[in-house]
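Following: one structure in structure tokens, then a few remarks.
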Amino acid sequence: MRRVAAALGVQAPALYWHFESKRALLDYMTEAMLAPVAKKLAQPGVGEPWWPWVEHSVEAVRAGLLAHRDGGRVALGADLRRARALGTFADRVTEVLHGAGFGLADASRAAGALTHFVVGRVVEEQARPNPDTEGDIPFPTLGAAMRERHAAGTTPDDDFHYSLDIMITGLRTLRNRLPRRT
């Protein structure tokens, strides 16, 4: 808050003249970060499968948040009534999944999971320790795995896409279990 106020040339308490709370300010900052992303979220093309669209959309939100220092932390816990661009993302994902055959409630659950995943993942990426010391943790198997990934040249992008692939594969599996619409 002090950095925002300093950038605007005011004292931190003056921010509350314009925003009802710190959360409201963070929500509007989330909106500013993701508005360009939300403007580009079109529906999948005719005949295009839903899962590449979901993957591309999640990647776009991630890029929008990573483009800003602490973007993930700012968006964490956002109120979608103010952080409308993030709400647009969740709404479009819900709409696309519902159109793909998921029930509306399940489509919204999946959209929520993807929203929480991308925001949480960005928080983790932006708080990531030095990769050289990442494996120096008091958990032997996890530490060895992290050292192995680091030695193999695994990047945060690789880790993100691996996790996103797990989520999309899970959604595709769930979708394939649904009765076919006629």
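Tabulated results
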quantity	calculated
Residues being more than 30 Å from GLY47 (Cα to Cα), under 14 Å from the mean Cα position of the chain (by Cα) and in contact (Cβ under 8 Å) with a residue 40 or more places away in the chain - total across the stretch 80-113	1
Residue, least open to solvent (accessible area, probe 1.4 Å), within the stretch 120-155, restricted to residues that are touching a Leu at 6+ places or on another chain (Cβ under 9 Å) and either within 22 Å of ARG69 (Cα to Cα) or among the aliphatic types (A, V, I, L, M) (or both)	VAL122
Number of the condition not met by ARG73 [criteria: (1) farther than 28 Å from MET146 by Cα; (2) among the basic types (Lys, Arg); (3) in contact (Cβ under 8 Å) with a residue 40 or more places away in the chain]	(1)
Residue satisfying condition, being open to solvent by less than 70 Å² (accessible area, probe 1.4 Å), modelled with pLDDT of 80 or more and either among the charged types (D, E, K, R) or under 20 Å from GLY72 (Cα atoms) (or both), within set VAL4, VAL37	VAL37
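The values are calculated or read from the model by the stated rules, or taken from the named source; none is laboratory data. Quick caveat, the model's predicted, so the values are computed rather than measured. In this analysis, Cβ positions are derived from the backbone assuming ideal geometry, glycine residues included, and neighbour counts consider all displayed protein chains. Please note that ligands, DNA and RNA were not included when accessible areas were found on the heavy atoms of the full protein model with its side chains. Shrake-Rupley method; radii C 1.70, N 1.55, O 1.52, S 1.80 Å.
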